[in-house]
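**Student:** Okay, handing you the structure first.
What follows draws every value from the coordinates through simple rules; no lab data is involved. From a predicted model like this one, the values you see are computed outputs, not experimental measurements. Here the Cβ positions follow ideal geometry from the backbone for every residue, glycine too, while neighbour counts run over all protein chains shown.
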Amino acid sequence: MPPRAAVLRAALAGIAAAGAALGAAELVAVWTGPMSSPLLAVGALVVDTVPGPVKDFGIAVFGTHDKTALITGTLLLLATYAAPVGIAALRSWRLALAGITLFTAIGLVAALTRHAADLTAGIPSIVAGVVAAITLRLLTTLAASTAASPVALGSSHAAETPMSAPDLPSAARGRRRFLIGVGAAAAAGIVTGVGGRLLGGRRAVTAARAAVVLPPPVQPAPTIPPGVQAEGATAWVTSNAEFYRIDTALYPPQIDPSTWQLRIHGMVRNPLTLTWEQLLRRPMIARYVTLACVSNEVGGNLVGNALWLGVPVRELLDEVQPLPEADQLVSRSADGWTCGSPTAVLRDGRDALLAIGMNGRPLPVGHGFPARMVVPGLYGYVSACKWITEIELTRFTDFDAYWVPRGWSAQGPIKTQSRIDTPRDGTTRKAGAGTVAGVAWAQHRGVTRVEIQVDAGPWTEASLAPTVSADTWVQWSYRWEATRGSHTIRVRATDADGEMQTSQQTPVAPNGATGWHSVRVTVE
Ligand SMILES: Nc1nc2c(c(=O)[nH]1)N[C@H]1C(S)=C(S)[C@@H](COP(=O)(O)O)O[C@H]1N2
Ligand SMILES: [Mo]
């Protein structure tokens, strides 16, 4: 058995070598593209292969921070892998090399199997492998020069008492050199890693996005009626910065509009390819549409309302003429994500948009720049394809979009929901008159009634604020004479078909949560 201090040093060498390797790979990925970074590629592979429930758990626990959590987790896993590789180098350099090769191979496979990856996507992983091998070799050699003396056996005071043995000064020097080596490798990893991220960010499409001039809509944007905002409810329009973001992209695709194309093909009479210039010349309309994520829990905030500017999808479909059997419209993004919407829904007259604008600005990169789909009444996972580059008319029996084999329904109409925004769950308020307020949504059907119940009391109608269409959420408020004690407030909505939101609680999978939102408040 090698002494404990030597094992520790070897583990440290392994981790430092992995850090230097990953940093170098990030730097190379500035040129070969963000998703060729082994770290992001492996993370993305995890996203695509973990079972649905694990991912639901990730979204439930980390919400929109799920990506940071995933990257942190991947880094921790890597450290737990790198440490034993470093230790292996103590006994057998071959074994350590095998470990590094496996690490390189995983990165390679992950990067090369990304959608639309070319061979250059493998370069960062190979560079990482070479850097890992060289760094580990150097650090192992340095570590060996410290191991020759009793100092290596772990007395930390030994260096300060160089008189205790003749070879101590040189061992202490060796140890210092090793620590400097580890520090240098780690620092190189951090500098190249962070530098790579920053440089990569500069290569992003922010400049191209800033240069986009949105065309005016052919009809003026709908005017928001006065009183649309109920006091105490979430802002009726969700700002771009506040809008929830959910997708599988660890790094949003960076698409330069000048090279962007949308191909509409499959079971159609007249296939069509649109360039950015051609798209901009088409008549556009502006519509408020409330998007909702199927992963939104009852009372959750994966829902937002924005003014979208875009080309009506129905007009594009009239042009390409889908064959009657083509019951599914599959949208595909630049990074290979897919979703499938019923063709009939897109042609039933609703304002489904191929959108390029969000609240008067070009789409933010995280929300699909340069173009995305927005379909009133369908959950995002079956309709709202961001970074869209392809529309294929096909049949539900012929193609399963991304989330379907992962346990989600092929059909995803939005369920009627209502949420209490004020008061917040678990808060305390004063006795007397006060407001209960929130939002309710039943896109494309519309909300006609919202009712409130306090404790076991009667259901009472809340007052509904006006809204612009059945495609947006509506705000509601209710005057509550709060009496001292602990109270539970419940909300439920009814849609324009007369269908009341069900009280039955179901989980988000496979097609959206149901149940009534409630909050508990203490009145003093
Ligand atoms: N390319 C791509 N588009 C996507 C997704 C995705 O993972 N990749 N996720 C969808 C889901 S599940 C939702 S709820 C909406 C969310 O849109 P937002 O991030 O703009 O709010 O985008 C949809 N579009
Ligand atoms: Mo979603």
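**Student:** Which value in deg cm²/dmol, rounded to the nearest 500, describes the helix-derived mean residue ellipticity at 222 nm for the chain, given -39,500 (n - 2.57) per DSSP H run of n ≥ 4 and division by the residue count?
**Tutor:** -11500 deg cm²/dmol
**Student:** Expected output is a single nm value to one decimal: the length gained when fully extending between residue 91 and residue 459, i.e. 0.36 nm times separation in residues minus the C-alpha distance. What is it?
**Tutor:** Stretched out fully, the residue 91 to residue 459 stretch lengthens by 125.1 nm.
**Student:** Determine, for 337, 441, the number of other Cβ atoms within 10 Å of each Cβ, and report the residues in order from fewest to most.
**Tutor:** The order, fewest Cβ neighbours first, is 337, 441.
**Student:** Where the only charges are on Cβ atoms (+1 Lys, Arg; -1 Asp, Glu), what is the dipole of the stretch 257-405 about its Cα centre, to the nearest 20 debye?
**Tutor:** 420
**Student:** Sticking with this one: Looking at the chain, do any whole DSSP H helices span at least 24 angstrom along their long axis by alpha carbon and average 1.0 or above on Kyte-Doolittle, and which?
**Tutor:** 4-32, 66-91, 93-112, 123-147
**Student:** Right, here's the next one. Please work out whether the stretch 272-386 counts as rounded, prolate or oblate from its C-alpha gyration tensor, where a ≥ b ≥ c are the square roots of the eigenvalues and a/c under 1.5 means rounded, while otherwise a/b larger than b/c means prolate and anything else oblate?
**Tutor:** It is oblate, given that a/c is not under 1.5 and a/b is not larger than b/c.
**Student:** What's the extension gain from residue 184 to residue 65 if we count 0.36 nm per residue and subtract their Cα-Cα distance?
**Tutor:** 39.7 nm
**Student:** Over the chain, what is the relative contact order in percent, taking alpha-carbon pairs closer than 8 angstrom and at least six residues apart?
**Tutor:** Computed value for the chain: 14 percent relative contact order.
**Student:** Which number comes out as Rg/Rh for the chain once both Rg and the Kirkwood Rh are worked out on C-alpha atoms?
**Tutor:** Here Rg/Rh amounts to 1.09.
**Student:** Just to check, using Stokes-Einstein with a Kirkwood Rh over alpha carbon pairs, what's the diffusion coefficient of the stretch 417-523 at 25 °C and 0.890 mPa s in µm²/s?
**Tutor:** Answer from the Stokes-Einstein relation: 173 µm²/s.
**Student:** What does the C-alpha gyration tensor say about the overall shape of the stretch 384-445? Classify as rounded when a/c is under 1.5, otherwise prolate if a/b is larger than b/c, or oblate.
**Tutor:** Note, shape of the stretch 384-445 comes out prolate.
**Student:** Still on this model: Students often check this: by mean Cβ neighbours within 10 Å, which of 108-115, 121-128, 255-262 ranks highest, and how do the rest follow?
**Tutor:** So the peptides 108-115, 121-128, 255-262, ranked by packing, come out 121-128, 108-115, 255-262.
**Student:** Starting from the stretch 180-220, pick out the trypsin sites (Lys or Arg not before Pro) whose DSSP state is loop and whose Cβ has at most 16 other Cβ atoms within 10 Å.
**Tutor:** Taking the stretch 180-220 and a limit of 16 other Cβ atoms within 10 Å, the loop trypsin sites (Lys or Arg not before Pro) found are 203.
**Student:** Which listed residue (360, 349, 259) has the Cα farthest towards the positive end of the charge dipole for the stretch 257-405, taking +1 on Lys and Arg C-beta and -1 on Asp and Glu C-beta about the Cα centre?
**Tutor:** The Cα lying farthest towards the positive end belongs to 360.
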